[in-house]
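Peer 1: Quick one: the structure is below, questions incoming.
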């Protein structure tokens, strides 16, 4: 049974079909890349899976349950969590406070009660803070956990966004361009953390334009163009696909 299955997923905006009858299955433990030119429909797929958009047609099945059209907070509670193409943080809150937001997404504890240590949340606050510190360390943010998010360099902000997503206890993590704007050292660190995340049992669906990242860490790749799937397979198979080379990769990746 696939962890995630998209069945004829279609999303139209007026007369424009952004995603056209996409079939895609993701097995537990995989890292799957979703690639294609700008405007190919990748972010629309993410928005439709995560409940931001309701599909025009088709289904989203997660753990063999139909979650089509569920609101984003309900999707998160099912164990499907996403990051965003642009960093979305609470700039005037510390690293640890931002990570606590992620715990709030998946738990029954009120975030503001946890943040201000009210009586109803006091017993769980220390445990959550320990877990937040562990996630900060895992993402290489241990030395900055008390800094305001807006003061972090770009690479650390992207790492913090992933830490927030991990705090929500995902079974499937949707990463939307996680290395955008990073330098070579930061990209290498993020790749290692994505692999470490998979090794902890979290399945990953990844949208990314950096082909070195995609080819190095993905088990399978699905290629979109004009909203439709034009290829799917291993990195090697995708690189050998003439339609993919012509539409997106160019001769640099041609076999």
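The values are calculated or read from the model by the stated rules, or taken from the named source; none is laboratory data. Worth saying up front: this structure is predicted, and the values here are computed from it rather than measured. Heads up, the Cβs are rebuilt from the backbone with ideal geometry, glycines too, and the neighbour counts pull from every protein chain shown.
Peer 1: So in segment 19-37, with the set limited to residues that are over 16 Å from residue 178 (Cα atoms) and in a loop (DSSP other than H, G, I, E, B), which one is modelled with the lowest pLDDT?
Peer 2: Per the stated criteria, the residue is 37.
Peer 1: Further question: Quick test of your reading of the structure: residue 183 fulfils all but one of (1) surrounded by fewer than 18 Cβ atoms within 10 Å (Cβ to Cβ); (2) outside the structural domain of residue 27 (by TED's automatic domain parsing). Name the failing condition by number.
Peer 2: (2)
Peer 1: Among the residues of segment 136-147, are any modelled with pLDDT of 95 or more, touching a strand residue (DSSP E or B) at 6+ places or on another chain (Cβ under 7 Å), closer than 13 Å to residue 98 by Cβ and surrounded by 14 or more Cβ atoms within 10 Å (Cβ to Cβ)?
Peer 2: Checked segment 136-147: at least one residue is modelled with pLDDT of 95 or more, touching a strand residue (DSSP E or B) at 6+ places or on another chain (Cβ under 7 Å), closer than 13 Å to residue 98 by Cβ and surrounded by 14 or more Cβ atoms within 10 Å (Cβ to Cβ).
Peer 1: Still on this structure, please answer the following. Looking at (1) free of Cβ contacts under 8 Å to residues at least 40 places away in the same chain; (2) in contact with a strand residue (DSSP E or B) (Cβ under 8 Å, 6 or more places away or on another chain), which is the only condition residue 77 fails?
Peer 2: Exception for residue 77: condition (2).
Peer 1: Next question, about the same structure. Surrounded by fewer than 15 Cβ atoms within 10 Å (Cβ to Cβ) and over 18 Å from the mean Cα position of the chain (by Cα): does that describe residue 246?
Peer 2: Here the answer is yes, as residue 246 does meet what is asked.
Peer 1: Okay, moving on. Only residues that are touching a helix residue (DSSP H, G or I) at 6+ places or on another chain (Cβ under 6 Å) and either free of Cβ contacts under 8 Å to residues at least 60 places away in the same chain or not assigned by TED's automatic domain parsing to the domain that holds residue 25 (or both): list them for segment 214-229, please.
Peer 2: The answer is 215, and nothing else.
Peer 1: Next question. Which of the residues spanning segment 190-209 are assigned to a helix (DSSP H, G or I) and surrounded by 15 or more Cβ atoms within 10 Å (Cβ to Cβ)?
Peer 2: Residues satisfying the conditions are 190, 191, 193, 194, 197, 198.
Peer 1: Have a look at 133, 163, 168, 159 and point out the one that is surrounded by 16 or more Cβ atoms within 10 Å (Cβ to Cβ), free of Cβ contacts under 8 Å to residues at least 40 places away in the same chain and within 16 Å of the chain's Cα centre (by Cα).
Peer 2: 159
Peer 1: Here are some conditions: (1) surrounded by fewer than 19 Cβ atoms within 10 Å (Cβ to Cβ); (2) under 17 Å from the mean Cα position of the chain (by Cα). Residue 173 meets all but one. Which one does it not meet?
Peer 2: (1)
Peer 1: Take segment 221-231 and flag every residue that is surrounded by fewer than 19 Cβ atoms within 10 Å (Cβ to Cβ) and part of a strand (DSSP E or B).
Peer 2: Residues satisfying the conditions are 228, 230.
Peer 1: Would you please name the residue that is modelled with the lowest pLDDT, looking only at residues in segment 236-247 that are within 25 Å of residue 48 (Cα to Cα) and touching a helix residue (DSSP H, G or I) at 6+ places or on another chain (Cβ under 9 Å)?
Peer 2: It comes out as 244.
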